[in-house]
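Here the structure is laid out as structure tokens; the discussion comes afterwards.
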Amino acid sequence: MRRVLLYSPPMSKEQSQQLFQEIISHCKEYGFIFPSSEIYDGLSAVYDYGPYGAELKKNIQDYWWRAMVQLHENIVGIDAAIFMHPKTWKASGHVDAFMDPLIDNKDSKKRYRADVLIEDALAKMEEKIEKEVEKGQKKFGDAFDRDKFLATNPNVLRIKEKINAYQERFKKALDENNLAELKQIIVDLEIACEVSGSKNWTDVRQFNLMFSTEVGSVADEASTIYLRPETAQGIFVNFLQVQRTARQKIPFGIAQVGKAFRNEIVARQFIFRTREFEQMEMQFFVRPGTEMEWYEYWKQERMKWHRSLGFSPERLQYFDHIKLAHYANAAVDIQYQFPFGFKEIEGIHSRTDYDLKNHQELSGKKLQYFDPDTNESYIPYVVETSVGLNRTFLAVICNAYRTELLDDGSERVVLSLPPFLAPVQIAVFPLVKKDGLPEKAKEIFSELRWDLRVFYEEKDSIGKRYRRQDAIGTPYCITIDHQTLTDNTVTLRDRDTMKQERISIDRLKTIVADKVDWKKGLQ
Ligand code: ATP
């Protein structure tokens, strides 16, 4: 059967936006993600995961846990509380330095992150280079040499020079925390508000991203606590207890999955940037001086993991930070190409001994490790891998979503999820609701569900039932028909190829279990 994708690259900006809107609607319609408290008209940038979304999110989380904890004898997991002693956030630097620069448009009253406005404006200038390339391609046809064009075309060189100059100013302003210069760059780039269209800006101000609340009944300074803005600190303050109780030797890692909260100035792009989200973090403790080797190691390993989710190499890229976080001496993002562009899904940071040293100082408790190999005590250095569970979820959905035009003129929407992540791995259908077929199908369903995520349905035509499973990403469906009752075989239908084959029920579990095995992703 011929299949044509309705959205194929290269896509225009409008097409990408339309595709993204379709993905958001699809998530709602098929029970993946709902806007929070929708009966009260929702709460901006807050979302709930429905039956299939909760399942998919859990499967991604389990897959990460298996890859990090189960497959590494020197990585162990913990589950620390969200609330921590307030001094934790003083020591970690978050009270003083976890800020974003914000700016308001005086006419629309809309609030922006100053750094994001500048980044977006520079990205638009990069797009101009691509436009020049397109023009060149048209002009020179087959003889077009992209590299030569980029290196010699006067228009391209002029734009590049302008971008470089702005980037240098931008980096310097961020490094020096120079808010006046950030505002000046916005003015010089002639950035206008997308709502009012005006360039009437306030000054740039710093904004702390931590949510605070009071614990207990008396509100004084001592009772102010924070919702953790990262899960990492729960790992640092427990580091020595974990090392001792798990009998680990350096180098070793501690992994954790949990909620984090940031009062983002602008939460947007569906679940990409929300104020409540989940992180899957692993802090790897190493001997000082070896951190860059481990940083490189984890950079590669984590990219392999993302590829194992079925993302094609051209949709993933590394992006070196322009400004390092207050705790890092090296940092790189792994970015995925969403319909709205390449954006970070994971950060890999070399955090030095910044956190442990500060916790040792502020708590007055030694956080040193005695190294039996070198007979010395030291505060370890840390390499962190921190991936957003919700952003990975969004990347998995965007990667899997497609609309196909079939030979008969109909359209089908399919989520080509990796089988080991799919909320339902196999759906069981009796062809008709009579002649003993439902009984036989239920028997098979009851048997399979001990090992697989199975769904049973007997309502509607087989075609409709297939389409519904395609839309939630179920990789396999089996149909029980009259022949089943005589020769104990069923038809097994593959979601992606839509091909059907007849197989014996005795072999069913082994065949499907092999196809959906999570190990396939990582081996
Ligand atoms: P960004 O630059 O996008 O704000 P970040 O560099 O501050 O992200 P990190 O502190 O490195 O992010 O956090 C690690 C991971 O946590 C990110 O790669 C991302 O996947 C996830 N994350 C961070 N902030 C959010 C958020 N507001 N909503 C959803 N996920 C987030």
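Annotations for the structure displayed:
- Per residue Cα convex hull volume in Å³ - calculated over the range 102-206: 99
- For the chain, excluding the exposed loop sites themselves (GluC sites (Glu not before Pro), DSSP loop, at most 15 other Cβ atoms within 10 Å), the longest remaining stretch covers 195-523.
- Coil-residue trypsin sites (Lys or Arg not before Pro) of the range 310-406, DSSP, other Cβ within 10 Å capped at 11: LYS365, LYS366
- Restraint check, LYS160/LYS183; LYS433/LYS464; LYS199/LYS323; LYS442/LYS499, Cα-Cα greater than 18 Å: LYS160/LYS183; LYS199/LYS323; LYS442/LYS499
- Annotation for GLU73 and ASN177: the two label points, set 7 Å from Cα along the Cα-Cβ direction, are 4.6 nm apart.
- Whole-Å semi-axes of the ellipsoid equivalent to the chain (Cα gyration tensor, √5λ, descending): 43, 33, 23
- Estimated from helices alone, the mean residue ellipticity of the chain at 222 nm is -12000 deg cm²/dmol (sum of -39500 (n - 2.57) over DSSP H runs with n ≥ 4, per residue).
- Estimated FRET transfer efficiency when R0 is 30 angstrom, pair LYS515-ARG307 (beta carbons, to 0.05): 0.95
- Between PHE83 and VAL432, the simple spin-label model (points 7 angstrom out along Cα→Cβ) gives 6.3 nm.
- Percent of beta bridges antiparallel (DSSP, the chain, rounded to nearest 5): 85
- Modelled label positions at ILE503 and GLU264, each set 7 Å beyond Cα in the direction of Cβ, lie 4.1 nm from each other.
- Whether the range 458-523 is rounded, prolate or oblate, judged on the alpha carbon gyration tensor where a/c under 1.5 counts as rounded: oblate
- Antiparallel DSSP beta bridges within the range 419-522, as percent of all bridges there, nearest 5: 55
- For the range 419-522: relative contact order, % (alpha-carbon pairs under 8 angstrom, 6 or more apart): 31
No value in this document is a laboratory result; all are computed from the given coordinates. What you see is a predicted model, and the numbers here were worked out from it, not measured in a lab. As a convention, Cβ positions derive from the backbone with ideal geometry for all residues, glycine included, and neighbour counts pool all protein chains shown.
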